[in-house]
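Values quoted throughout were computed directly from the atomic coordinates according to the rules given, and no laboratory measurement underlies them. Source: prediction; values computed, not measured. Neighbour counts run over all protein chains shown; Cβ positions are idealised from the backbone, glycine included.
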Amino acid sequence: MATAPSTQRTASGTDYELVVGLEVHVELRTRSKMFCSCSADWFGKPPNSQVCPVCMALPGSLPAINRQAIEYAIMVGLALHADVENLPNGKPTRFDRKNYTYPDLPKGYQITQMDLPVNLGGWLEIALPDGGTKRVGVTRAHQEEDTAKLIHRVDEMGVAHSLVDFNRAGVPLLEIVSEPDMRSSEEAGAYLRTLRGILLYLGVTDARMEEGSFRCDANCSIRPVGSSEFGRKVEVKNMNSFRSVERALRYEFERQREALARGEVIPQETRGWDEDRGVTVSQRSKEYAHDYRYFPEPDLPPLFLAPDWIEAIKQRLPELPAAKKARYARDYGLADEPARLIADDPSLADFFESALFTGYGDAKQVAAWMLGDLTRLLKAHNTELGSSLVTPSKLVDLLKLIDGGQISGKIAKDVLDEMFVSGKSPEDVVREKGLLQISDEGDLERACAAAIAANLQSVEDYRAGKERALQFLVGQVMRETRGRANPGKVNDILKKQLGG
């Protein structure tokens, strides 16, 4: 079951739909670069400090293939259901030279893969807002090297200039190309989030969009609804978040629709996303494959991927998000949305399973507090879950205090806030702040009697049949006891004192 695609009718009466394919560039988390021994840990390092003759393309230097990068590429292919071991006509995978001139390309060409990539075909199943799912095809996932990084600046005289940092040049990249199967910006966002979750579980990348280790280019066009022919393809670049991708695609749909309504022809071009202005801007005409003059890389041998090596890699694959989500629903009774949210994030999944490993049996309660108040605190303090002072066992101890009637759910929120900041156990916070729930019948009866005496109008309203008046009185007791009264007992005592 799929969501309704992005469609809209022009003044001429034509309904158009959006057609999207995504190219995702993933920096692989290897120790060294793709074709040399320089460190691949480039982000945040001093400019041009992680370089050597190979990645700087100095005369006489020769590349050597990084085996770990190839293994990571195979892992991704297997997770995406690609046909890894059966390349066309039994041929090996091979590297090619993609020729173009740009300041961030030291050699004047990029070592990549064209017709014989590591992975061909595959698919990815995404969740849709209406609760359905959709299968998006994967064309290929090929291995290549990253480019250098351009840094654009304006000096104190107002003169614009660009600097080149070669630390990133040669870092292993895997380019994952989807089929043009997506029909809305929301589907594109779901595809990216699902793909990122799989890559994080595989451990092949940290997939940080803000650092450039997970980058996306979107190929989009529009066409009349019901048409099987594709429109002119526009490539959109410079999107550094899922939200940016979705905004850019929505903008492009409107821009192209309005252009066609005016009788214009959509040119095949590359456009950049301007986040501040919320528009795409033309950068250059879109190149075709023959413009790059691909030919086999003469300095690297073809690679035959041994079936037993592929099988060994397959046996090491971890449980992936889709299987984990299904297990959470089956074994713990989680609803679809919390199961998906936890399963899609390895850190959340680890925390959730560690909490249940303590023996605590209420998985739904753990999930609710993780996705609710704990997530709220993480966002407010801009903290990652792995760095949080609230551990799985401490959260379970807090939930046990609620279950045992020692604190109320409202008090538990305040306790969690203190735990998050101080790292103290919930028992220590409750003891130090005197937050133990009042359950003594005598104390509660006195508090209820005081609330009745102070709110005679509410008493009359309740006796006249207005049930909300009782809840007001419960609230007064809770306020006077600073939330420490057992609300269930307060409710019962008030009814008794009010005469039923």
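Quick notes on this structure:
- Per residue convex hull volume, Cα atoms of the range 441-497, in Å³: 65 Å³
- Set of aspartates and glutamates near residue 149 by C-alpha distance (under 18 Å), chain-local residues within fewer than 8 positions excluded: 27, 41, 104, 165, 175, 210, 211, 217
- Label-point separation, residue 229 to residue 376 (7 Å along Cα→Cβ), nm: 5.6 nm
- Taken one residue at a time, the phi angles of the range 70-75 give Karplus couplings (6.51, -1.76, 1.60, θ = phi - 60°) of 5, 5, 4, 4, 5, 4 Hz. Gly and Pro are set to x.
- Leading residue at positive end of dipole, the range 237-351 (Cβ point charges), from 267, 315, 302: 267
- Check: the range 250-338 dipole with +1 on Lys, Arg Cβ and -1 on Asp, Glu Cβ, in debye: 240 debye
- For residue 138, the amide hydrogen comes within under 5 Å of the amide hydrogens of 122, 123, 124, 179, counting only partners 5 or more places away or on other chains and with H modelled in the peptide plane.
- The HN-Hα couplings worked out from phi for the range 192-203 by the Karplus form 6.51 cos²θ - 1.76 cosθ + 1.60 (θ = phi - 60°) are 5, 5, 5, 4, 4, x, 4, 5, 5, 5, 5, x Hz, whole numbers, x standing for Gly and Pro.
- For the chain, the dipole from Cβ point charges (+1 on Lys and Arg, -1 on Asp and Glu) about the Cα centre works out to 400 debye, to the nearest 20.
- Cα lying deepest toward the dipole's positive end in the range 96-218, options 166, 177, 190, charges on Cβ: 177
- Note that the range 319-433, at 4 °C in a medium of 1.567 mPa s, gets a Stokes-Einstein diffusion coefficient of 90 µm²/s from its Kirkwood radius over C-alpha pairs.
- Look at the alpha carbon pairs under 8 Å that are at least 6 residues apart: their mean separation over the length of the range 441-497 gives a relative contact order of 42 percent.
- In this structure the amide hydrogen of residue 216, modeled in the peptide plane, comes within under 5 Å of the amide hydrogens of 25, 239, none closer than 5 places in sequence on its chain.
- The trypsin sites (Lys or Arg not before Pro) of the range 248-302 that DSSP puts in a loop, and whose beta carbon has at most 16 other beta carbons within 10 Å, are 262, 277, 286, 293.
- Between the amide H of residue 170 and those of 146, 147, distances stay under 5 Å, these residues lying 5 or more places away or on another chain, with hydrogens modeled in the peptide plane.
- The distance separating the Cα centre of the range 173-189 from that of the range 414-481 comes to 52 Å.
- Filter on 413/466; 324/364; 364/400 - keep pairs with C-alpha separation over 19 Å: 413/466
- Cut-off 13 Å between beta-carbons: net charge of the residues surrounding residue 53, Lys and Arg +1, Asp and Glu -1: +2
- If both residues of a DSSP beta bridge must be in the chain, then about 90% of such bridges are antiparallel.
- In straight-distance terms, cross-link reach from residue 134 covers every one of the aspartates and glutamates whose alpha-carbon lies under 18 Å from its own, apart from those fewer than eight places away in the same chain; here that gives 17, 125, 179, 181, 186, 187, 246, 336, 337, 344.
- One quarter of the surface of the convex hull around the alpha-carbon atoms of the chain equals 33.9 nm², the direction-averaged projected area.
- Look at the alpha carbon pairs under 8 Å that are at least 6 residues apart: their mean separation over the length of the range 319-433 gives a relative contact order of 20 percent.
- Evaluating 6.51 cos²θ - 1.76 cosθ + 1.60 at θ = phi - 60° for every residue in the range 268-278, the Karplus couplings come out as 6, 8, 9, 10, x, 8, 9, 4, 5, 8, x Hz, glycine and proline recorded as x.
- Net dipole in debye of the range 441-497 [+1 Lys, Arg Cβ; -1 Asp, Glu Cβ; about Cα centre; nearest 20]: 120 debye
- The chain, relative contact order [Cα under 8 Å, separation at least 6], %: 14 percent
- 28 Å Cα-Cα threshold exceeded, pairs from 325/394; 33/237; 379/424; 233/379: 233/379
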